[in-house]
Amino acid sequence: SWIENRIKQDEIDKYLENGEDFINTEEIESVLAGAEGKEPEPARVREIIAKSLNVENLTPQETAELLNVTDPDMLAEMQEAALKVKKKVYDNRIVTFAPLYMSNLCVNNCSYCGFRTENEQSSRRALSMEEVKKEAEVLAGKIGHKRLIVVYGEHPSTDVDYVADTINTVYSAKMPTKKGYGSIRRVNVNMAPIQIDELKYLRDVGIGTYQVFQETYHKPTYAKVHPANTIKGNYRWRLYCMHRALEAGVDDVGIGALFGLYDDWKFEVMGLLYHSIELEDKFGIGPHTISFPRIEPAVNTPYVSQCKGVSNDDFERLVTVVRLAVPHTGLIITCREDAEFKDKCLSYGCTQTDASSQIGIGGYAELAESAQEEIRQQFVLGDTRSLDTMIGDYAEKGMITSFCTAGYRCGRTGKCIMNLLKSGEEGKFCKLNAVITFREWLDDFAGERTKQLGEKVIQKEIREIKEQSPEKVYQQFMSNYERTLNGERDIYF
Ligand code: SF4
């Protein structure tokens, strides 16, 4: 009966327009077909790019035209433009987080997932609160993360009360470090679609971004991989979960698709775009983040071997086009990708990534950093660098890793953060907070190499802040910076 009571039909129906979804398979196919086979002229591509450079969203038709570009010179121009857009909105900042898998219990039976109920090879459990505390202590006190994405399957043992308890436990962990203390300051949540009242409850607990991926927007493929007799088999319950979240006052929502489930990656890009447009139209807030994981093999998931997948070249194209289509939206690339490829996508399009990730239950406390144990995992990781190594690698390329979580705690979320991003105002807070949180991190956690590389980045950032800010802001910034150097923690604008 728990399963039967999960889906509230009235919480789907209220968002339909004349009984129809905002994802219309025929419409998407026809927009794509309109562009298909007709490589747009360079002048037309440049016209569309100019709109992106002006930090404006693209229409589905414009996006479809860019998806159709194959000429290497034009693709290079588009990638260059994506980098400019990224620089304009996000400058050289990278945001990092760690996934924390709380449970792999799941009542669903998705054919591509190692946690599906019929996969008897997977060992199943949910972390106890004592274990959650240990995981959070390693993440906050040893590795140095400030943001987590906590992950749950869908199961009565991990209902919304369990989710709330685990989040509270994570927030309460505080660990001494070399110079200050470590704590988790933002907990984003990846879990099943839930009901409006439950979303209000989690909003009050203090969740960061509520993330649910549609997996595939293509309805026939969705039906093929999610058995109809499971909760996840209901496409619409999932499709409208972000509507429910925004209605419940959960301001930051994250959407995504599992690329490779459906053969046509361009269709999934269009699905993400239509989803983004729908949320902006109905609630005035687009998604805070978009994710595009590529399907990966997992223990005992033969379905994955039948998937066509997405090549690296096509993946780069999709990152470029999404960056140009939704200039303000954070784009997440994860450790599913190998280090070199992930860093390339971060260099021009993506803005957030995970590091030091363990995706097995209890992995942080029990396994050595970077070790993997496939039987515990939902899939296999490609990038197993430590957070320290990764931050050093980014610093070497002139990028600063920001541990800022101020926006969410100062109410700069949802519509407010989007407006600030659009006006360019948020960038000013972000730059100041990035330097202060990076200072904290270098002093508390960095190894020798990362510290040396990080110092160069910090000094360059401070010079830029001096040049670009009014004297009063610069003085206030320097005062906070000095306090941080002296061991005070969690100071932000
Ligand atoms: Fe459960 Fe999610 Fe895996 Fe489906 S994809 S079986 S819902 S954990």
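Just a few scattered comments:
- Given +1 at the Cβ of Lys and Arg, -1 at the Cβ of Asp and Glu and no other charges, the dipole of the chain around its Cα centre is 1540 debye to the nearest 20.
- Only one residue of Met242, Phe429, Thr334 has its Cα farthest out toward the positive end of the dipole of the chain, where Lys and Arg carry +1 and Asp and Glu -1 on Cβ, and that residue is Phe429.
- Loop trypsin sites (Lys or Arg not before Pro), the range 271-318 (other Cβ atoms within 10 Å of the site Cβ: 13 or fewer; DSSP): Lys308
- Top positive-direction residue, dipole computed over the chain with Cβ charges, set Ser311, Val212, Ile295: Val212
- A Förster radius of 25 Å, combined with the Cβ-Cβ distance separating Asp165 from Lys8, puts the computed FRET efficiency at roughly 0.60.
- Distance from the alpha carbon centroid of the range 432-449 to that of the range 224-278 works out to 36 angstrom.
- Efficiency of FRET from Cβ geometry, Ala76 and Lys38, R₀ 30 Å, rounded to 0.05: 0.90
- Of the DSSP H helices in the chain, those whose Cα atoms cover at least 20 Å axially and whose Kyte score averages -1.0 or more: 72-90, 265-283, 425-445
- Rounded to 5, the percent of DSSP beta bridges in the chain classed as antiparallel: 15
- What you get for the range 133-240, charging only the Cβ of Lys and Arg (+1) and of Asp and Glu (-1), is a dipole of about 620 debye around the Cα centre.
- Model label points for Asn18 and Ser123, set 7 angstrom from Cα along the Cα-to-Cβ axis, are 5.6 nm apart.
- At q = 0.10, 0.12 Å⁻¹ the log10 of I(q)/I(0) for the chain amounts to -0.74, -1.11, computed by Debye summation with a single uniform scatterer per C-alpha, solvent ignored.
- Approximate spin-label separation Ser479-Asp338, in nm, with each point projected 7 Å along Cα-to-Cβ: 5.1
- Distance between the modelled labels on Ser305 and Gln452, one decimal in nanometres: 4.7 nm (7 Å Cα→Cβ projection).
- Alpha-carbon Rg/Rh ratio, for the range 221-260, with Rh computed the Kirkwood way: 1.05
- Across the range 16-22, computed HN-Hα scalar couplings (Karplus, 6.51 cos²θ - 1.76 cosθ + 1.60, θ = phi - 60°) run 6, 10, 6, x, 10, 7, 6 Hz from first to last residue, x flagging Gly and Pro.
- Taking other Cβ atoms within 10 Å as a rough exposure proxy, Cys113, Cys430 sort from fewest to most as Cys430, Cys113.
- Remark: the Asn312-Glu280 segment gains 8.5 nm on full extension, using 0.36 nm per residue and subtracting the alpha carbon distance.
- With contributions of -39500 (n - 2.57) from each DSSP H run of at least four residues, the per-residue ellipticity at 222 nm computed over the chain stands at -14500 deg cm²/dmol.
None of the figures in this text is laboratory data; all of them are computed from the coordinates on show. Just so we're clear, the structure is a prediction, and the values are computed from it rather than from any experiment. Glycine also receives a Cβ, built like all others from the backbone with ideal geometry; neighbour counts cover every protein chain displayed.
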